[in-house]
Amino acid sequence: MSTIKMLTVAGARPQFVKVAVVSRYLRQNPGAHRIEEVLVHTGQHYDEMMSDVFFKELEIQPPRYSLDVGSGSPGQQLAKMMERLEGVIKEENPDVTLVYGDTNSTIAAALVSTHHNIPVVHVEAGERIYRRRDVPEEINRILTDHIASLNLTSTRRAGEYLQREGMADRRVRFVGDTMYELFVWARDNIDRLSNVTPASFGVEPGHYHIATIHRAENTKTQETLLQILNALDRADEPVVLPIHPRIANLIKKWDYAPTQNLKLIEPLGYLDFIRMLLDCSRVITDSGGVTRESFFARKPCIVPMDNSWWTEIAESGWAICVGTDPNRITNALNAFTPKNEYPENLFGDGHSAMHIVDEVTNFVEYHQKHVHWHKHGSYVDLPRSEETDFTYANYRKLITTLKDSGYTFAHFSDSKELLAKGTPYVLMRHDIDLDLDKAAAMARVEAELGIVSTYFFMVRNDFYNIFSKDGTTAINEVLKLGHRIGLHFDCAAYPDNFSTEEYAEACARESNMLADWFGQPVEIVSYHRPNEKVLSGDLNLSAPLPHTYEPHFTKEIAYCSDSMGKWRYGSPIDRDAFAEKKPLHILVHPIWWHEQPIAGYPALLRLVDGKAKQLEHDLAANCVVFRVGDRAEMKDS
Ligand code: UD1
Ligand code: UDP
């Protein structure tokens, strides 16, 4: 089997930590995979303690390419990265590009790779904070997720977010968190691996807090950052803060120096940082990585943000988001204690690297040639350009043609009498399986043309509710326009081995409910998802009511149906029965008919979208919890 060339692109501190896990697995298990990793360092982070230290102590292979982009405005940084990455991609022509997280290096690599037809696999995909202002990572991650052919998630919830954004299931796999895997290794070997102890920084185990602050929203103004730093300074016990260069530069400019319990130190290497984390009392951090490491170390974590990505940790009670209010920060630092049991396994089984390698390999083997971008996923579901003539305009034409040819529109109860008379008539039937609004829309079209039909509604239905306010309104409108109602009976809602008598009893119960609720007689039954028994045409199935599978309605009269969005036996006016002016039984499902032509599959997708929107609207109207969440999102985005 041939080698898979995987270009790994990283550039910032949190990415080196994640790269270390996968690179180590590849190196230590040469027989278990066939991936050749080509590592590219963009140079987004470049200080010794932001970059080299991780390569050394985590034994990451030296990058084959160092792009040295350095710092700059987002535009400058991204432009430099993309230009230089383009050269690498042309040179290497990899099978796949692997990117991590949400930094500028992530999105730059994803974008350039995809423009060169190199599929992207995104590790730590799908996390969302649902804020964009001052959170460049949110947009970086969203875009990378949607560019990536395969999204590998650290949490189950990330998969749910992606699903909510319409991502096909097969583009998402849960692999667990690389940082968890690395943490477990570091924790178990820390005495051997780390060179420091709390005493190195003048603090005692269990009697200090560890802090990291660097996020754009917290460093944007002098007021915000100083407010946070002063709150840390006032804590009861020492707070050790290894300073990220972003704030080191600012503190220097402002000539800031703490006066009480805050100890500013140089950034630490990963292993020394973990040592300090393991011995601390509490953690305060706006770092996504450190929030998780704090959780892995079972330390209470205080997040100086309104909300953070790692909602599962906050929900478990092991982290608390306190915003930037100084009193809340200090109080939490002095007292915050998780009340809940520690939840296990939120971040996977600790074998994320193995899962990543397996997923990348499977992806390259099976999917590279067939990547299709579609909401519901499988290849056969690709949006097709299908011709359809199921428009209201064509429906009007059909009805007009029938009328002009001498057909009248009759009720099912009059059919036998009319058949005996030999005059041409149509039994127009609408089985309503999915959508009451479409039924009302078709009823209006028919009323304009002065015809009457029978609308068959379901009492037991997963897609609509005839007793809801909107459902009842829609059906009342159909009735007001002069149409009649029948019962559409779902056979699959009852046991397979139902006897004829049991069917008749259930039909009677459902049709009585329908008739009572709408104050109209129910004349006849049609069957949804009919089984063999129903198709046999047994006259007693719905007794005393007739049903539409009786031989009179299917054999004595020519039966036409638009099922699945197409005329099953040809258009009614192409049928011999029409040429011979014989009666017609026409089944039209309003769901397939529209003002503008739209094929069956996209019409159903539209239904799905509409129902999702309706559900959100109804939830907001019914449940304050949902309304609050909705408002928060509106305010911040
Ligand atoms: C970046 C990521 C952020 C991640 C963080 C991890 C983006 C948009 N942000 O933020 O998601 O959480 O890394 O640490 O990609 N600097 C140095 N030396 C360095 C690196 C940076 O002095 O080695 C200084 C520069 O003044 C630079 C500033 O830090 O302008 C910010 O660096 P940058 O990489 O732009 O963003 P981070 O805040 O590090
Ligand atoms: N980290 C470190 N030294 C420090 C502070 C943090 O090695 O002085 C590590 C930390 O253990 C974690 C990673 O840096 O593994 C997190 O990176 P960062 O906070 O810069 O970024 P984020 O996770 O917020 O994207």
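Every number here is computed from the coordinates shown, using simple stated rules; none is lab data. Being a predicted model, the structure only gives us computed values, none of them experimental. Please note: Cβ atoms are built from the backbone with ideal geometry, for glycine as well, and neighbour counts cover all protein chains shown.
If you build the convex hull over the alpha carbons only and average its shadow over all orientations, what do you get for the stretch 200-317? Give it in nm² to one decimal.
Orientation-averaged projected area of the Cα hull: 7.0 nm².
Ordered by residue, what ³J(HN,Hα) values in Hz, to whole numbers, does the stretch 82-99 give under the Karplus form 6.51 cos²θ - 1.76 cosθ + 1.60, where θ = phi - 60° and Gly and Pro are x?
Values, residue by residue: 5, 4, 6, 5, 4, x, 5, 5, 5, 5, 8, 6, x, 7, 7, 10, 10, 10 Hz.
Once you have a ≥ b ≥ c as the square roots of the Cα gyration tensor eigenvalues for the stretch 1-84, tell me rounded if a/c is under 1.5, and otherwise prolate or oblate according to whether a/b is larger than b/c.
Cα axes put the stretch 1-84 in the oblate bin.
Of the cross-linked pairs Lys220/Lys263; Lys403/Lys438; Lys80/Lys263; Lys469/Lys533; Lys397/Lys611, which ones have a Cα-Cα span greater than 27 Å in the structure shown?
Lys80/Lys263; Lys469/Lys533; Lys397/Lys611
Given N residues in the stretch 375-494, what is its alpha carbon radius of gyration divided by 2.2 N^0.38 Å?
So the Cα radius of gyration is 1.25 times the expected 2.2 N^0.38 Å.
Name the residues of the stretch 42-60 whose amide N is less than 11 Å from a point 7 angstrom out from the Cα of Glu266 along the C-beta direction?
Once the point is set 7 Å along Cα→Cβ of Glu266, 48-50 turn out to lie under 11 Å by backbone N, inside the stretch 42-60.
Report, in degrees rounded to the nearest 10, the 0 to 90 angle that the Cα long axis of helix 500-518 makes with the longest principal axis of the chain.
Helix 500-518 sits at roughly 80 degrees to that axis.
Work the Kirkwood hydrodynamic radius out for the stretch 133-257: mean of 1/r over every pair of different alpha-carbon atoms, inverted, in Å.
Hydrodynamic radius (Kirkwood, Cα only) of the stretch 133-257 equals 18.2 Å.
If contacts are Cα pairs under 8 angstrom and at least 6 residues apart, what is the relative contact order of the stretch 510-637 in percent?
13
Name all residues of the stretch 223-249 having a backbone nitrogen under 16 Å from the label point set 7 Å from the Cα of Ala335 along its Cα→Cβ direction, giving them as ranges.
Inside the label zone: 235-237.
Only residues of the stretch 445-466 count here: report those whose backbone N is under 16 Å from the spot 7 Å along Cα→Cβ of Leu479, or say none.
Residues 453-459, 465-466 qualify, since their backbone N sits under 16 Å from the label point.
Can you check how the C-alpha radius of gyration of the stretch 263-327 compares to 2.2 N^0.38 Å, as a plain ratio?
Working it through for the stretch 263-327, the quotient is 1.09.
Can you list the HN-Hα couplings for the stretch 187-192, worked out from phi with the Karplus curve (6.51, -1.76, 1.60; θ = phi - 60°), rounded to whole Hz and with x for Gly and Pro?
These are the phi-based 3J(HN,Hα) values: 4, 6, 10, 5, 5, 6 Hz.
Once amide H atoms are placed 1.01 Å from N in the peptide plane, what residues at a sequence separation of 5 or more from Phe489, or on another chain, have their amide H within under 5 Å of its amide H?
Hits under the 5 Å cutoff: Ser526, Tyr527, His528.
Work out from phi, with θ = phi - 60° and the Karplus expression 6.51 cos²θ - 1.76 cosθ + 1.60, the ³J(HN,Hα) of each residue of the stretch 193-207, listed in order in whole Hz, and give x for Gly and Pro.
For the stretch 193-207, the Karplus-derived couplings read 8, 9, 9, 10, 9, x, 4, 4, 10, x, 10, 9, x, x, 10 Hz, x marking Gly and Pro.
How big is the chain by Rg and Dmax over its Cα atoms, in Å?
Expressed in Å, the Cα Rg and Dmax of the chain come to 33.0, 106.
With a 10 Å radius around each residue's Cβ, average the other Cβ atoms per peptide and rank 108-116, 246-254, 596-604, highest first.
In decreasing order of mean packing, 108-116, 246-254, 596-604 become 108-116, 596-604, 246-254.
Report the gain in length on full extension from Ile139 to Lys56: 0.36 nm times residue separation, minus Cα-Cα distance, nm rounded to one decimal.
Gain on extension, Ile139 to Lys56, equals 26.7 nm.
About the Cα centre, and with charges only on the beta carbon of Lys, Arg (+1) and Asp, Glu (-1), how big is the dipole of the chain? Nearest 20 debye, please.
The dipole magnitude comes to about 800 debye.
Rank the residues Val96, Val53 as a footprinting-exposure proxy: fewest other Cβ atoms within 10 Å of their Cβ go first.
Lowest count first: Val53, Val96.
How high is the relative contact order of the chain, given as a whole-number percent (alpha carbon pairs under 8 Å, six or more residues apart)?
The value is 10 percent.
Ranked highest first by the average count of other Cβ atoms within 10 Å around their residues, in what order do 179-185, 217-223 fall?
Most protected by this proxy first, the peptides run 179-185, 217-223.
Sequence-distant or interchain residues sharing an amide H contact under 5 Å with Asp431, placed H: which?
HN-HN under 5 Å from Asp431: Phe456, Val588.
Based on other C-beta atoms within 10 Å, arrange Val175, Val624 from fewest to most.
If I rank by nearby Cβ atoms, fewest first, I get Val624, Val175.
Could you calculate the contour length gain from Glu595 to Ala168, that is, 0.36 nm times the residue separation minus the distance between their Cα atoms, to one decimal place in nm?
Here the answer is 150.8 nm.
Report, to the nearest 10°, how far helix 326-335 tilts away from the longest principal axis of the Cα atoms in the chain, using its own Cα long axis and a range of 0 to 90°.
80
Near the amide H of Tyr425, under 5 Å away, which other amide H atoms are found, from residues 5 or more places off or on another chain, if H is placed in the peptide plane?
Result for Tyr425 returns Thr408, Leu584.
Based on Cα positions only, what radius of gyration and what Dmax would you give for the stretch 67-205, in angstroms?
18.1, 54
Return one number: the angle in degrees, 0 to 90 and rounded to the nearest 10, between the long axis of the Cα atoms of helix 624-636 and the longest principal axis of the Cα atoms of the chain.
The answer is roughly 60 degrees.
Using Stokes-Einstein with the Kirkwood hydrodynamic radius over Cα pairs, what translational diffusion coefficient do you get for the stretch 301-353 at 25 °C and a viscosity of 0.890 mPa s, in µm²/s rounded to a whole number?
Roughly 202 µm²/s, to the nearest whole number.
Tell me the relative contact order for the stretch 39-188 as a rounded percent, counting alpha carbon contacts under 8 Å between residues six or more apart.
Value for the stretch 39-188: 16 percent.
If you take all C-alpha pairs in the stretch 440-490, what percent of them are over 16 Å apart?
38
Based on the mean of other beta carbon atoms within 10 Å per residue, what is the order of 443-456, 230-243, most packed first?
Answer by packing, highest mean first, reads 230-243, 443-456.
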